[in-house]
Amino acid sequence: MAIDTEMQTSPSDSTITRIVNNIKKSESDSWNYRGLELSNEMLVVLISHPNIDKAAAALDVTIGSLADPRNVPGIAHFLEHMLFMGSSKYQGENEYSKLIEGNGGNSNAFTSGDHTNFYFDINPSLLPEALDVFAQFFIAPLFAASSTDRELEAVNSEFEGNLSKDAWRLSQLEKSTSDPDHPYSGFSIGNTETLRVTPKQCGIDIREVLLDFHKAEYSSNRMSLAVLGNQSLDELQSLVVKIFKDVPNKKLKKKQYACDPYGEINRKTICYIVPVKEYRHLAIHWVIPDHKNIYYCNPESYLSHLIGHEGDGSILSYLKKSGLAIELVSGERNSAPGFNFFTVDVELTIEGLNRWKQVIYIIYQYIAMLRKDEPKEWIFDECKNFNSMNFQFREKERPDDFVSSLAGRMRDYPLVECLSGEYEMREFRPDLIKELLNEYLIPSRMRVFLASKEFTSIATEKEKWFDTQYKKEYLPEELIEKCETCELIPELHLHSPNEFIPTDFHLLSSEKTLLRPELPTKIKENEFYRLYYAEDSFYKLPKAYLFFEFRNPLGSVDPIHSNMNAIYIELVEDSLTEFVYPAELGGLQYELSALNYGIQLTVHGFNHKIKQLLDKVLDRMVNIKIEKQSFEIIKEKVKRSLQNFRREVPYQMAYFGVTYLTAEHQWNKDELLSCIDGITMHDVEAFIPRMLTRFFTDSLMYGNLTKDQALEYMTSIERKFQEKRYYQPLFPSMWFNQRELILPEGCNYAYSMLNDAHKLHAIEIYLQCFQQTLENNALLELFCHLVDEPCFDQLRTKEQLGYVVSAGARRSRGVQGFRVIVQSARELDHVNQRIELFIESMRDYILTMSDEQFKKQREGCMVKKVEVPKKMRSQGNRFWMEITNHQFCFDRSQLEGEIIQNLERNDLICFYDHYISLNSIHRRKLALHVNPSSLALQKPNDETNNVEQEYDSTATDEIETEQVEVIIPTGAIHGEIKLTEQPVIIEKLNETTTTTTNEAENVLPKKELNLPQAEWIDNIHVWKSKLSCYPLAQSYDKIDVPVLCKL
């Protein structure tokens, strides 16, 4: 089917061969777009809007780890690291990060199988300067020999940090057990062995390999550039053409890979895998054709919609009723030009693990039903409507994420559809759907991966790179034959048409678009609830966000009640799956979570039918009927989560440890785990009415809804609970907030935790400072902004202490301080010394900074502070945090930004001397050490013997927080390899500077400080009993305790 015709303008500039002015965008998108093809065959998309508060750019190269030389795996990823280490024009190794981070921006990069993607955002006024520095990496990169060894260690530390992550281990095992002659079987991330030891043994100069790879694979005709700025499209065009026209074009052909990465010999096989964490997982993989050239037909989306459905008649519904599974996800996994995968992933119950063959058979029974029923055009139209709706009303992303994603897909679609291509479903092709069902998703072409700790005794093989224990064998022939001749059963059938698809997208606000979101106001308060409301006149989307906190301290009165609260929430969510899934497809979602002081519910999405979903969730909370089978499955799931705590990434354990130690009262994981086995179904049934009988509700309703609707929804909630004689006012003595312990002045506490999975160490050094106020927040944030980039540059880039290195503010329960996190293979005494030495150097760094530098740093901090969230939900979450933290300062960013603007250098020096300096009698230090346990150390790991250091990526998983605001490292690895998101400094760039001398001057001396003796915490409960607590943080709405029960 034809695509929308490109409206091309004949360029007058010889450096441009094509201009596309009619890029398809959504009706709600006010940004302006233009597509270009430069004479060097680089594709460009320009995005312009006068009111953006961050500019951004990304360049994507359609080459990745699949192109690695077979004898040097990891070279594409290594090149990604090395590319930013200076250029001929800007030779400073960290000049790029200084410019970006010092001006309120972020930079990052990642490598996947067939893409390498580089991106940044920055203060809009500095986009031209940043683009010039950025472009030089693709025109004349240095690949300096002086940086090679250190960045090689960074790559290795990234590998080491992923060694005990099950997602990485299983992914590499799947690759390593594929066809060895296909590049898919390679090792993408690289490590010391592949990039140093083996090349050296073979007489290979790794830098020469790097240069050869860049010369052979990087070319402008494989590059796509996306640039977002507040300049006009014509101005952006002139800027980009001038800067990027000199990127060399080597006329390289588009890579195309062989269509079968598995090979016939690997079909009909199963790998029994021993994971690091406690979990049971079944995955079925099929190789399918690459349909990217007919993306608008999207047969994979049709099948994913059905096989992954969770409503009545679905695979998951039947598996759950049979007690065999907890979750199921299916879909295509596009890998590279030439081949593709379709996968089904199932989280199994204990019974499901024992009957895994039956689970596979049920999946094929459903597929057989799809073959018999023939493809349905109404289902295709349903998917088409979902995609169209999501495209028309999609929310803006962070600028750097937006341009990164756009650049990465620009060569997958015509330029006119670069925004809409992934949403397009124009042509119903039942022949392609039937081809997938009849020729590809069949038993004789599948590979099965089954993961559980139960296979320890039989898993006699080890994967080469991650040392994963597994056993590979052929599936029983009788299972293959049985799956080929499935009997159809009535329990598996197509779903009904979705009743949750919204049809009313009318915007209720008559206000013109505001420059900033409207602030919430309290519209009602009584002894039952306190309701805040804000109409949206900024994002202009037909969506609403409803937040509720049902406050009752019974939910955490002891570890047993805390566990029962968690089990209750899981049971409600589990029981709602069939009903809620169609709502999710229709753009509605909910989250239910157990808190220290009750339960939190969030319902959000298209406002047209949001009331129906809210009513259903509340009804299930009130009227849930617990079944024995479901109870046992959910209890075991909660228990497994607690058991896996000591297998988390070490720096995340350190984060939890500081949160736990500084809390006036909080149950630890061991306490929760010790009592979960004794909880019965009757206990939970008795807990629910006690939990719901007496509570207070805080609520925020924000978005495309009226004040009357907000009041109506709140009244409906009140009525729903009171129908069961629930919802009596909370007693005043039951209203209390978690408070933070005051660390005594001059203290130097330390505490150690053990990790059972990782051989890495981690340390969080926390210097507690003061309570949260506008002035204190501004002061701490400016200090953190100044020191963050030097911390990364010194401890990570120069000293290579670890891949996770971050400095910033730590906020918890209304109190805040400065913290440094490092995850490392080094002994923590050494790491502690180097961190303290770095902290000591920061006084002179701030003191000797030029006035111009300081003002630019301050401006960069302000840019970050006042930036409006790009997503409506992010803004809603920001408002909601003010309510749950009971501070109610909804215009915080503007107020603190104004304070930052007036801070002077001497303010920071005084702050440093009082709270941060090692010589200050007022300094309050808590160091949380995480070390590998004997269990982690005794795990064999062939690769660890060949490397010098171990580090981790900065993938940030979800961390449990209760009314906690924290700043943590935010780089991400989601199945792809990414660099750390680097922090902040600013200097004026000198185009001709060399760095060898400067770098030598900037390296901290190899001296040891005479640190005070640490006081190790032995008995936490005794230690806490000797400390007092901070008062609650100031409420800016003059609200502390609401109107509660009138006694």
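The values are calculated or read from the model by the stated rules, or taken from the named source; none is laboratory data. Note that the structure is a prediction, hence the values are computed from the model and not measured. All Cβ positions, glycine included, derive from the backbone under ideal geometry; neighbour counts span all protein chains shown. To get the accessible areas, we keep the full protein, side chains included, count just its heavy atoms, and leave off ligands, DNA and RNA. Shrake-Rupley method; radii C 1.70, N 1.55, O 1.52, S 1.80 Å.
Assorted remarks:
- Using only side-chain charges placed at the Cβ, +1 for Lys and Arg and -1 for Asp and Glu, the dipole size of region 16-245 relative to its Cα centre rounds to 340 debye.
- Of the GluC sites (Glu not before Pro) found in region 604-684, the ones in coil according to DSSP and having at most 15 other Cβ atoms within 10 Å of their Cβ are Glu627.
- Positive-pole candidate from Leu328, Asn156, Ala67, dipole of the chain, charges at beta carbon: Leu328
- Calculated mean residue ellipticity at 222 nm for the chain: -11000 deg cm²/dmol, from DSSP H runs with n ≥ 4 weighted as -39500 (n - 2.57), summed, divided by the residue count and rounded to 500.
- Packing, as the average of other Cβ atoms within 10 Å across residues, places the peptides 257-263, 69-75 in the order 69-75, 257-263, highest first.
- In terms of its Cα atoms, region 521-734 spans 48, 40, 40 Å along the principal axes, sorted from long to short.
- Taking other residues whose beta carbon is less than 9 angstrom from the beta carbon of Gly814, and scoring Lys, Arg as +1 and Asp, Glu as -1, yields +2.
- For the residue pairs Lys277/Lys637; Lys864/Lys925; Lys215/Lys251, the alpha carbons lie more than 19 Å apart in Lys864/Lys925.
- Projecting the Cα atoms of Ala778, Ser39, Ala145 onto the dipole axis of the chain, where Lys and Arg carry +1 and Asp and Glu carry -1 at the beta carbon, places Ala778 farthest toward the positive end.
- Length released on extending from Glu484 to Gln589, taking residue separation times 0.36 nm less the Cα-Cα span: 34.1 nm
- Accessible area per residue in Å² at 1.4 Å probe, computed on region 288-367: 27
- Cα gyration tensor shape for region 16-245, rounded if a/c is under 1.5, else prolate or oblate: prolate
- Value of D in µm² per second that Stokes-Einstein yields for region 697-843, Kirkwood Rh from Cα pairs, at 37 °C (0.692 mPa s): 168
- Model label points for Trp1023 and Cys259, set 7 angstrom from Cα along the Cα-to-Cβ axis, are 6.3 nm apart.
- For region 748-935: span of alpha carbons on each principal axis (Å, largest first): 50, 40, 32
- Cα centroid of region 655-713 to Cα centroid of region 287-339, whole Å: 34
- For the Cα trace of region 257-371, dividing Rg by the Kirkwood Rh returns an Rg/Rh value of 0.98.
- For the chain, share of DSSP beta bridges that run antiparallel, in % to the nearest 5: 80
- Cα centroid separation - region 801-829 against region 552-620, whole Å: 33
- When the charge dipole of the chain is built from unit charges on Cβ atoms (+1 for Lys and Arg, -1 for Asp and Glu) and taken about the Cα centre, the candidate among Met881, Asn230, Met753 whose Cα reaches farthest toward its positive end is Met881.
- Cross-link reach list, aspartates and glutamates versus Lys384, counting only Cα pairs under 14 Å and skipping chain neighbours closer than eight places: Glu300, Glu422, Glu424, Glu427
- Dipole magnitude of the chain about its Cα centre (Cβ charges: Lys, Arg +1; Asp, Glu -1), debye to nearest 20: 860
- Loop sites in region 471-550: trypsin sites (Lys or Arg not before Pro), DSSP, at most 10 other Cβ within 10 Å: Lys512
- Global geometry of region 419-484, whether rounded, prolate or oblate, following the gyration tensor of its Cα atoms and the 1.5 cut on a/c: oblate
- Separation in nanometres of the label points that stand 7 Å from Cα toward Cβ, at Asp467 and Glu1015: 3.9
- If only the Cβ of Lys and Arg carry +1 and only the Cβ of Asp and Glu carry -1, the dipole of region 748-935 around its Cα centre is close to 580 debye.
- Accessible area in square angstrom per residue, region 748-935, 1.4 angstrom probe: 29
- Its relative contact order, with pairs defined as Cα atoms under 8 Å and 6+ residues apart, puts the chain at 16 percent.
- Global geometry of the chain, whether rounded, prolate or oblate, following the gyration tensor of its Cα atoms and the 1.5 cut on a/c: rounded
- Sulfur and carbon atoms: percent of accessible area, region 334-425 [1.4 Å]: 41
- Per-residue packing, averaged as other Cβ atoms within 10 Å, sorts the ranges 387-397, 179-189 into the order 179-189, 387-397, beginning with the highest.
- The residues of region 521-734 have, on average, 34 Å² of accessible surface per residue, using a 1.4 Å probe with all protein chains present.
- Distance in nm between pseudo-label sites at His914 and Ile294 (7 Å out along the Cβ direction from Cα): 7.1
- Taking every C-alpha pair closer than 8 Å and separated by at least 6 residues, the mean separation divided by the residue count of region 1-148 gives a relative contact order of 21 percent.
- Label zone of Lys1006 (point 7 Å out along Cα→Cβ, amide N under 13 Å): in region 795-811 this covers 799.
- Environment charge at Ser330 (Cβ cut-off 12 Å; Lys +1, Arg +1, Asp -1, Glu -1): -4
- For the peptides 674-682, 288-296, the ranking by packing is 288-296, 674-682, with the highest mean count of neighbouring Cβ atoms within 10 Å listed first.
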